[in-house]
Ligand code: SF4
């Protein structure tokens, strides 16, 4: 089942383990009070599961109709809840975790302009503020990208235009709508720019940076989370140590620190095989899941070559990694399909595998 929208804080989505509530921290940052509020809310009003998503949002699981209103009331004083659904939907902005003050200001200006606009963009339509010397978000989902210069680039293009302010990003979003980029309210920029290109894009796009790895960076320490999950206690304690920046890479940047105390669930070693695993919640947390995914991925981790990614998907939708992986196992009613160098719904090399066969096959 394809719903065509993502959950938000104001639009919870029903799942197998209750409602999913997704929070978009402004600017992709959390201070100590915000981290504490989210950790407390997950324990008090959800089932304690906190997940960092592929769009650098934090989602709480296991919320119920009875606990939803108190959860929103607890988060609102911390600036984590938008005034209405339309504003929340439009404020779909990925910000580089290595942002400097200028990038933070640019992202804040863009958020304010989107809030004041009347753009009716598709629910998944998003922006990336990625103005470092080399962009770090080019592999992550965004339709309009603001990169070094600053320049403005429609996703799918290798040329960009000069960026003078948020009015330019909004004009490009309007161009997308005017060109019929979202028939029936759905559509993505890359599909449109494959057919028609926006005017004024004459500058070469900057070359992307190599994928970021856990470990020290000039801005702080990048720590990875298995399947993007973090316990409330670890989030609370990390937030007390330093401000946090969210990434779409299942990693948090702990600002300005070089070392951390041992905290449950944090991965600091870039060679840790858990960094190479991708898996959605699967069954029973997701009602569409045909099998449990994460225990299987964990069990298979030692068999995965050091430079390969294993994606275990509870169904062909592939929410846990909506792109190609070296190896993908997709659960079906008949067993697991094995896809090489593809996505969860791509043609399988082997079909209907029993879990006992998988170690030998891999
Ligand atoms: S891919 Fe996973 S999370 Fe997405 S619908 Fe299928 S089972 Fe559910």
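Just so it is clear, none of the values below were taken in a lab; they were calculated from the coordinates. What you are looking at is a predicted structure, and each value in this text was computed from that prediction instead of being measured. Virtual Cβ from ideal backbone geometry, glycine too; neighbours counted across all protein chains shown.
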Give me the percent of DSSP beta bridges within segment 218-336 that run antiparallel, rounded to the nearest 5.
-> 65 percent
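Only bridges whose two residues both fall in the chain count here: according to DSSP, what percent of them are antiparallel, nearest 5? Please list the in-between numbers first.
Working: 44 of 58 bridges.
So the antiparallel bridges amount to about 75 percent of the total.
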Please work out how much length the chain gains when fully extended from residue 217 to residue 271, using 0.36 nm per residue of separation minus the C-alpha to C-alpha distance, in nm with one decimal.
-> 17.8 nm
Could you check the simple spin-label distance between residue 40 and residue 307, using points 7 Å along Cα→Cβ, in nm with one decimal?
-> 4.9 nm
Would you mind classifying segment 273-361 by shape? Square roots of the alpha carbon gyration tensor eigenvalues, ordered a ≥ b ≥ c; an a/c under 1.5 is rounded, otherwise it is prolate if a/b is larger than b/c and oblate if not.
-> rounded
Provide 321, 175 in ascending order of the number of other Cβ atoms located within 10 Å of each residue's Cβ, fewest first.
-> 175, 321
Over the alpha-carbon set of the chain, work out the extent along each principal axis and list the three values in angstrom, largest first.
-> 57, 45, 41
Residue order, fewest to most beta carbons within 10 Å, for 337, 31, 118, 84 = 118, 84, 31, 337
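If I stretch the segment between residue 197 and residue 184 completely, what's the gain in nm (0.36 nm per residue apart, minus their alpha carbon distance), one decimal? Intermediate results must be reported in sequence, preceding the final value.
Values: separation 13, 0.36 × 13 = 4.68 nm, distance 2.09 nm.
Fully extending the segment from residue 197 to residue 184 adds 2.6 nm.
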Label segment 1-135 by shape, choosing from rounded, prolate and oblate, from the square roots a ≥ b ≥ c of the eigenvalues of the Cα gyration tensor; if a/c is under 1.5 it is rounded, and otherwise prolate applies when a/b is larger than b/c, oblate when it is not.
-> prolate
Pop a pseudo-label 7 angstrom from the Cα along the beta-carbon direction at both residue 362 and residue 345 and give the gap in nm to one decimal.
-> 2.5 nm
For residue 33 and residue 324 in the same chain, what is the full-extension length gain: residue separation times 0.36 nm, less their Cα-Cα distance, in nm?
-> 101.0 nm
Could you please state, rounded to a whole Å, how far the C-alpha centre of segment 199-272 is from the C-alpha centre of segment 323-362?
-> 30 Å
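How much of the DSSP beta bridge set in segment 273-361 is antiparallel, as a percent to the nearest 5?
On the way: 9 of 16 bridges.
DSSP beta bridges in segment 273-361 are roughly 55 percent antiparallel.
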Using the number of other C-beta atoms within 10 angstrom as an exposure proxy, rank 6, 315 with the fewest first.
-> 6, 315
Relative contact order of the chain, pairs being alpha-carbon contacts under 8 Å that are 6 or more residues apart, as % | 14 percent
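Sum -39500 (n - 2.57) across every DSSP H segment of at least 4 residues in the chain, then divide by the residue count to get the 222 nm mean residue ellipticity, nearest 500. All intermediate terms of the calculation are to be shown ahead of the outcome.
Values: 9 runs with 86 residues, N = 362.
Value at 222 nm, helices only, nearest 500: -7000 deg cm²/dmol.
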